[in-house]
Amino acid sequence: MQTRKLLLKIILNLFPPLLFNRIVLKEISDDFTEMKVVLKKTLFNINFHKTIFGGSIFSAFDPYLPTMYYHIFSKKNRKLIIWLKSADIEYLKPATSSLKLHFKITKENIQIVEKNLNQKGKFEIIHTVDAINKEGLICAKAKMNIYLRDDKINKKLGF
């Protein structure tokens, strides 16, 4: 399990869109239900106002929840198609410092997803995550719609 976590962390931290935006995956829980990410403010991701580009902030929200769900269900021997279907981001304050993001999937989230996948073969779930600056203030809030589909169930249901 530790090897899987370490490999995932290395891959995500070297993935060019994240690497060049200075987005770093710092922690992964053993059960893949939590990830802690830092978006470092650097010369590579600031605008003319010396704050972090909105696109860099958006990129920090993008890949983590689908990746977490993939690994949670992979551990249950269930291969799903998972992606971020939509995201509504509200920029609340200029990001004048590095930002921290904490992604969390609860046991209740997993049970709801599993129940709906078993019944319908596909499901969408919404998560909200905050990007917090070094003073503890929320600079951006993202409401993300995660799409999950189990093609094996879809075939049994006839679609």
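A short reminder: the numbers here are calculations on the coordinates, not readings from a lab. This is a predicted model, so every value here is computed, not measured. Here Cβ is always computed from backbone atoms with ideal geometry, including for glycine, and neighbour counts include all displayed protein chains.
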GNM flexibility winner over the chain from Glu108, Glu90, Glu27 (Cα, springs under 10 Å): Glu108
Only helices counted: for the chain, with every DSSP H run of 4 or more residues adding -39500 (n - 2.57) and the sum spread over all residues, [θ] at 222 nm is -10500 deg cm²/dmol
If the cut-off is 17 Å between C-alpha atoms, which aspartates and glutamates fall inside it for Lys115, apart from same-chain ones fewer than 8 positions away? Glu124, Asp150, Asp151
Of Lys36/Lys93; Lys75/Lys120; Lys107/Lys141; Lys93/Lys120, which pairs sit farther than 31 Å apart, going by alpha carbon to alpha carbon? Lys93/Lys120
Can you sort Ser74, Ser97 by how many other beta carbons sit within 10 Å, fewest first? Ser74, Ser97
Summing Lys, Arg as +1 and Asp, Glu as -1, what charge do residues with Cβ under 15 Å from the Cβ of Met144 carry, Met144 excluded? -1
Output wanted: per-residue J couplings in Hz (rounded whole) for the range 77-82, from phi through Karplus 6.51 cos²θ - 1.76 cosθ + 1.60, θ = phi - 60°, x for Gly and Pro. 6, 10, 8, 10, 9, 9
